[in-house]
Amino acid sequence: MSASRSPASAEGSRPSTNTSRLASLDRSRAVRFNFDWQELEAAPGETIAVALLAAGVSSLRTTSKKGEPRGLFCNMGVCFDCLVEVDGHANQRACQTIVRAGMQVRTQRGHGYTDVAPELGE
Amino acid sequence: MRTPTPDVLIVGGGVIGFAVAYELARRKVKVQLLDKDLPGRATSASAGGLWPVGEAVGLGCGVIYQATQAAKRQAAGELENAEDCDDGILPAPFRDLLVASNALFPALAKEMLDTTGVDMEFRTGGGLLFAVYDEQEQAYVERVTRALPAGLHFERLTPEEACKFEPQLTRELVGAALLAGEHQVNPMLTAEAFKRAALLHGAQFRHDTYVTRLRREGDRITGVETEGGFLPAGIVINAAGAWSSQLAATAGLACPVFPVRGQIVLTHALPHALRACLSTSGCYIAQKLHGEVLIGSTTERVGFDVSVTPEGIANLCRGAVRALPLVRFVGIKRVWAGLRPGTEDELPILGPAPGIEGYVNATGAFRTGIVAAPMTARLVAQCVVGEEPEMPLAPFLVERFAKRELASTAG
Amino acid sequence: MIPRRVVIVGAGPAGMSAALVLAEAGLRPTVLDENPRPGGQIFRQPPEGSAAAQAPPKDATAQHGAELVKRFAAAGARIELMNLTSVWAIFPERRLAIGHREGWQVVAPEQLVLATGAYEYTPPFPGWTLPGVMTPGGAQSLVKTWSVRPGKSAVVAGSGPFLLIVAAQLAAAGVDVRAVVELARQSEFLRQTPRLLSSPGLLFEGAGMLRKLRDAGIPMLWGHVVCAAQGENGALRSVSVAPCNQDGEPERTRARTIEVDTLAIGYGFVPRIELAQLAGCELEFRDDLGGWIPKTNSEGESSVPKVWVVGDGGGVSGSVVAELEGELAGLAIAERLGCLDSATVARRKHPLLARLAKLRRFRLALDTVYRIRPGIARLAAKDTLVCRCEELTCEEADKAVGFGGNDFRTLKVMSRLGMGPCQGRMCWPAMMRRIADRTGHSMEHIGPSRFRPPVRPTTVGDLLQLIPFEDHPEPAGASARGAR
């Protein structure tokens, strides 16, 4: 079979603009939400996972033991890799949660709930 | 080459069975353990709390049981007021057994880790904190304070002190009691450690082996019948937990153990939010090593039914949210149930039975199987090999039930 | 507790078909689905008002799906549809614990139909947890349903005709598909052509897809596997592809690197059996149907009376079979409940059974070609994570297996494998094959994973109060709390 095709583009990282959308976002209908203290926009009815992917975000959380990044895997709610913190609640599946206006979404670090019992330490 | 007849057959692969196997194998006894993984094994439904004093005075997971019992007795006209029920405070010999057994854990955990590589996850924490919700419970705590000897970690706290000690605790309490010497362990790994240690000392294990009956020849138990045939033994040890009574009955022996179902809720992992284990009349709460919070437990007499129920789970969740408000938003990882081996007087059934040779009880651990396992195993092993038991076995012999019956019919 | 005559869990092709038959027969089935709208995975509906929603269906399957969804919607109030509703436990006597935006409740159906579908099988390999590595279905749904490209370039890998569909759809969406890496061998595919001709339509569809890929210049690498993925800055950068032998073992010396930012990798599908297991259904191991499946008779009734399992959740056979099974079960239940007479049911069953038999011949040929080969259970390196949730390495898991952890429960206690939120869905299909490979034990001996309730995310606060509900009104789009 033929070898791999023309070389990849020079940039290895994702651009931060919305180039992965097949149809450009209708700004008048966009839903504004917050991700890691950054204002982002989603199309109505979009999940957090899709909105973040469209915004160039590939890592949704870091794991507890090894601190490794995880993103979308199954996109259907069975793998529990796409966990983010939504409005303070940890362990929300980004691929199953529809973006609402004003939502506060954070990268989940480990098990999340990092503001629980800071006085006890770890 | 024929396998030599084991000196001892243990029926039942829970923490007690494994611990006894270890203590016997250590003493160079040829021991074989038979187990069938029936649903509802108590060891896998335990919180792993090591609460010797708490359980001995009915402030551990016994609180809920006591409340039910007191209410029942009051309804039956046996009690004027539920407050008059002192049944939660168990006899001193049992408390002594639990305290002594608890004291063995630090060294045991280290020894097991070194020899088997299994970490029991024994961790000392803030202790066991009992949150008092109302005056009735406060009165009970006062009775407990009077009943306990000096030298045991038991301290009364005001609501302010309790909340300072345990910041995530509910503010809606009238007082608290702190038992600082009560810690935690992983019950499954504790059992696994005993099992591996027993194997290392030459014990044999046959899993997936259901014992259908004890074989009795006259006044002697000579072995067991299994689905695969007869297995002879010098001594058979009944460590069958909730199934002990069934097993004993096959030889016409009394062993009054009955299943008490406990439903449990386990949450997803949280950062460490609790200094101590919590106990309330609504539930107990233990945060485990990996951060998961265990909420338990119901105490139901429903035979061998190990299903979880909507009411059971809802009650536990309500109790948890009441005691530890932050838990409301935490995800549930798992709910399940186990069958504790219960006895009427809440004490275990250990040692020989009257009028029968070749049979020893190691059952009826009810709520204290994990904390009692190390000492229970020693006592049973000492009894089997003819050593002087290092603590009195008399309060735990099965004959106490017959004597009590005689006494009540005579008196 | 709310009584119902028939409850169907899952509004995919199988669930919708069963519901339509029952509605037509005069029963009012209750359909529970956790998504905002019906369609399941394969016929998932894009958000209302989106470009994808307005676009016409791109192929015959999508066209058919759109029609089925329309028919389902047209049934209106003759079907009690509860979307954004998940079943998190099954109590004895088929009682379902359901979680809904308003609270939770227990539903007690006379007849319970489980149409829970399947998910994808991806055994572990080095680098598989990197962001940018996903399932083929995940990649497909991004372009098809959500109109978003997963990345700029992709390799589609694994095994199965599904890879061809995904590759074509990604390419059509403007993703630079660098290769399709297929474990199966082209020679075996060609050898099966006579059998595949039993369903000529499907065969030509497949040939058409291969032609599309060739025309797009996308290399089709038969007899190859992705044996590793490499990352940079916490995201996928490239994959290693190698030819493999009959057993699926890669010849690593002949591996080469392809630079991509997306890897869509999957080796077939695994039935979702949580609810069947909780309901007490007897399971059997069928490698050709995705692994552990509930035993059912020809009508779809499981070993537990009044519990029916249809569609991919009862054995992976695709959406066409799923619909037929849904119809069959619907007819059987309608007859059981006295709403249709035996003669009518027998008459309607006949063509369904004939079609199913024909399709099975086709599927048997495909399953032979695309069978799971032992080599892919051996791709993990010592430090590859085999349990994604608990971050357990292959070395740690193998050690526990060596110490007697040869079944799910024992291995879980010893190593924490399967203790995470996915409850073993992601790790057990691969781990059980790995255990079989190393110990020689049969799958029956090793056994399935054991699901414990809740099998859907539920918080402590969700369970405080049982909320009474009667007839649920038709939902007016996504709720304020969103999907659970």
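The values are calculated or read from the model by the stated rules, or taken from the named source; none is laboratory data. Just so we're clear, the structure is a prediction, and the values are computed from it rather than from any experiment. Neighbour counts run over all protein chains shown; Cβ positions are idealised from the backbone, glycine included.
Just a few scattered comments:
- Note on the stretch C:393-464: enclosed helices (runs of 4 or more DSSP H) holding 3 or more residues that are hydrophobic (A, V, I, L, M, F, W, C), closer than 24 Å to C:A276 by Cα and at pLDDT 95 or above are C:428-439.
- For the condition over 18 Å from C:L22 (Cα atoms), surrounded by 17 or more Cβ atoms within 10 Å (Cβ to Cβ) and basic (K, R), C:R378 qualifies.
- The stretch B:121-144 - residue that is in a loop (DSSP other than H, G, I, E, B) and farther than 22 Å from B:A56 by Cβ and, of those, modelled with the lowest pLDDT: B:D134
- Residue in the stretch C:249-258 that is away from chain A (no Cβ under 14 Å), farther than 21 Å from A:C74 by Cα and either crowded, with 23+ Cβ neighbours inside 10 Å or among the aromatic types (F, W, Y) (or both) present: yes
- Filtered by the rule that a residue be touching a Phe, Trp or Tyr at 6+ places or on another chain (Cβ under 7 Å), assigned to a loop (DSSP other than H, G, I, E, B) and crowded, with 20+ Cβ neighbours inside 10 Å, the stretch B:254-270 gives a lone residue, B:L270.
- Taking the criterion of being aliphatic (A, V, I, L, M) and away from chain C (no Cβ under 14 Å), the residues of the stretch B:321-358 that qualify are B:L339, B:L347, B:I349, B:L350, B:A353, B:I356.
- Per the listing C:A55, C:A11, C:A51, C:A77, the residue uniquely out of contact with any helix residue (DSSP H, G or I) (no Cβ under 7 Å at 6 or more places or on another chain) and free of Cβ contacts under 8 Å to residues at least 12 places away in the same chain is C:A55.
- Residues of the stretch A:69-88 satisfying the condition of being more than 7 Å from chain C (Cβ to nearest Cβ) and part of a loop (DSSP other than H, G, I, E, B): A:G77, A:C82, A:D87, A:G88
- Some residue of the stretch C:157-177 being buried (at least 23 other Cβ atoms within 10 Å of the Cβ) and of a type in the set (S, T, N, Q): yes
- Among residues of the stretch C:167-180 that are farther than 13 Å from C:Q140 by Cα, those with a beta-carbon under 7 Å from a residue that is at pLDDT 95 or above and hydroxyl-bearing (S, T, Y) at least six positions away or on a different chain give the pairs C:D176/C:S153; C:R178/C:S153.
- Every condition in (1) within 12 Å of chain C (Cβ to nearest Cβ); (2) farther than 29 Å from C:A52 by Cα; (3) not aromatic (F, W, Y) holds for A:T114 except the one numbered (1).
- Condition broken by B:C163, with the remaining ones in (1) surrounded by fewer than 17 Cβ atoms within 10 Å (Cβ to Cβ); (2) without any contact (Cβ under 8 Å) to a residue 12 or more places away in the chain satisfied: (1)
- Contact annotation: residue pairs with Cβ atoms under 6 Å, 6 or more positions apart or on different chains, pairing a residue in the stretch B:304-320 that is more than 7 Å from chain C (Cβ to nearest Cβ) with a partner that is surrounded by 18 or more Cβ atoms within 10 Å (Cβ to Cβ) and assigned to a strand (DSSP E or B), are B:F304/B:P259; B:V306/B:A337; B:G312/B:Q263; B:L316/B:V265; B:L316/B:I295.
- Among the residues of the stretch B:357-395, the ones that are out of contact with any Pro (no Cβ under 9 Å at 6 or more places or on another chain) and on the phi > 0 side of the Ramachandran plot come to 2 in all.
- Qualifying residue in the stretch C:392-408 (condition: among the charged types (D, E, K, R) and in contact with a Ser or Thr (Cβ under 7 Å, 6 or more places away or on another chain)): yes
- Test: residue in the stretch B:385-397 that is modelled with pLDDT under 95 and assigned to a helix (DSSP H, G or I): yes
- Lone qualifier among C:Q169, C:Q246 - being part of a loop (DSSP other than H, G, I, E, B), outside the structural domain of C:A381 (by TED's automatic domain parsing) and not small (G, A, S): C:Q246
- Any hit, the stretch B:297-316, residues being touching a Ser or Thr at 6+ places or on another chain (Cβ under 7 Å), modelled with pLDDT of 90 or more and in a strand (DSSP E or B): no
- Among the candidates B:R367, B:R404, B:R378, residue that is farther than 30 Å from B:E166 by Cβ and either surrounded by fewer than 16 Cβ atoms within 10 Å (Cβ to Cβ) or modelled with pLDDT under 95 (or both): B:R404
- Residue in the stretch B:176-188 that is polar (S, T, N, Q), in contact (Cβ under 8 Å) with a residue 40 or more places away in the chain, away from chain C (no Cβ under 14 Å) and buried (at least 18 other Cβ atoms within 10 Å of the Cβ) present: yes
- Enumeration of residues in the stretch A:28-68 that are closer than 13 Å to A:I98 by Cα, crowded, with 19+ Cβ neighbours inside 10 Å and within 7 Å of chain C (Cβ to nearest Cβ): A:A43, A:G45, A:E46, A:V50
- Every condition in (1) among the small types (G, A, S); (2) under 25 Å from A:V57 (Cα atoms); (3) part of a helix (DSSP H, G or I); (4) more than 7 Å from chain A (Cβ to nearest Cβ) holds for C:S240 except the one numbered (3).
- Filter result for the condition that a residue is of a type in the set (V, I, T), touching a helix residue (DSSP H, G or I) at 6+ places or on another chain (Cβ under 8 Å) and at pLDDT below 95, over B:V53, B:V29, B:V8: B:V53
- 3 or more residues buried (at least 23 other Cβ atoms within 10 Å of the Cβ) and modelled with pLDDT of 95 or more: qualifying strands (runs of 3 or more DSSP E) within the stretch C:266-369: C:269-271, C:291-294, C:307-309
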